[in-house]
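The values are calculated or read from the model by the stated rules, or taken from the named source; none is laboratory data. Quick caveat: nothing in here was measured; it's all calculated off a predicted structure. All Cβ positions, even for glycine, are placed from backbone atoms using ideal geometry, and neighbour counts span all protein chains on display. When the accessible area is computed, the model is the full protein with side chains, heavy atoms only, and any ligands, DNA or RNA have been set aside. Shrake-Rupley method; radii C 1.70, N 1.55, O 1.52, S 1.80 Å.
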Amino acid sequence: MIGLLTKRQAMSTYRNAGRKTYPPVIADAIIAKVASGLALGQICEDRAMPCKQTFYNWISDDPMLSKRYADAVRAAIDARTQEVSHE
């Protein structure tokens, strides 16, 4: 679905009575990519993704998304630690 929408379309699709909300499909994609080891900066370079500050705003406004992001970062660190310890 992300490939079918431009960034602007995806962001404008998720507005609720003038209040910006985040598109869950994009947030889920970011979380999955972070968990796989990609840096947020790399992910946000994709034109289909929001800029880093926008994502930081999302996690600032949503405690559950913030927890999911923190868990994804920890998973990526754990995976990298395992890789290094086996080298």
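Some observations on this one:
- From the list Ala29, Ala17, Ala75, Ala10, the one residue that fits, being modelled with pLDDT under 75 and surrounded by 14 or more Cβ atoms within 10 Å (Cβ to Cβ), is Ala10.
- Residues that are over 11 Å from Ala35 (Cβ atoms), open to solvent by 40 Å² or more (accessible area, probe 1.4 Å) and either touching a helix residue (DSSP H, G or I) at 6+ places or on another chain (Cβ under 6 Å) or of a type in the set (Phe, Trp, Tyr) (or both) within the range 52-72 comprise Lys52, Tyr56, Ser66, listed in sequence order.
- Within the range 33-48, considering residues that are more than 19 Å from Pro23 (Cβ to Cβ) and without any contact (Cβ under 8 Å) to a residue 12 or more places away in the chain, the one surrounded by the fewest Cβ atoms within 10 Å (Cβ to Cβ): Gly41
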